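The values are calculated or read from the model by the stated rules, or taken from the named source; none is laboratory data. These numbers come from a predicted model, not from an experiment. Virtual Cβ from ideal backbone geometry, glycine too; neighbours counted across all protein chains shown. When the accessible area is computed, the model is the full protein with side chains, heavy atoms only, and any ligands, DNA or RNA have been set aside. Shrake-Rupley method; radii C 1.70, N 1.55, O 1.52, S 1.80 Å.
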Amino acid sequence: MKDVLSLFLRRLLVSLGLCTVLAAVGFLTAGKAYLLGALGVGYLAAAICIWTLVWRTWRSIGLSELAAKRQMLWGLLVRLGTLFVVLLVAVQLSVEVFYATVLGFGLCYGLAMLQLLWLNREGR
């Protein structure tokens, strides 16, 4: 399991690095360098959601069906709560910050899901 997670994390960081460079170039050419912080907050929110998903799934492996269902429900509530709070604060700051945060969340979460699908397809 650790081998798969380290490979997953390595691939995710490389793909996020490439996307961050592209986003940084776009923000800097538009004169909106401050949006890089919002992009990072979106990455952080997505990382919390991904970690919660993986952790709750891993914890529910040896549990009964009811306890596993509770674990997954609790994880869903944590993910939705995190997303709600982060996006609510971002939209209070400005619409640009909100969109940059959504972009960061979408990139990180989407790339993570693609990496998981890719690892599954490889049979790891």
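Quick look at the values:
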quantity	calculated
Protection proxy ranking of 14-27, 31-44 - average other beta-carbon atoms within 10 Å, highest first	31-44, 14-27
R0 of 35 Å, Cβ-Cβ distance R121-V85: FRET efficiency to nearest 0.05	0.55
Cα gyration tensor shape for the stretch 73-124, rounded if a/c is under 1.5, else prolate or oblate	oblate
Value at 222 nm in deg cm²/dmol, rounded to 500, when DSSP H runs of n ≥ 4 in the chain each add -39,500 (n - 2.57)	-32000 deg cm²/dmol
Given charges at beta-carbon only (K, R positive; D, E negative), |dipole| of the chain in Debye	320
Percent accessible area from carbon and sulfur atoms, the stretch 6-45, protein chains only, probe 1.4 Å	81
Computed Rg/Rh of the stretch 37-98, alpha carbon atoms with Kirkwood Rh	1.14
Rg followed by Dmax, in Å, when the chain is reduced to its Cα trace	16.3, 54
Cβ-derived FRET efficiency at R0 30 Å, E65 paired with L7, nearest 0.05	0.45
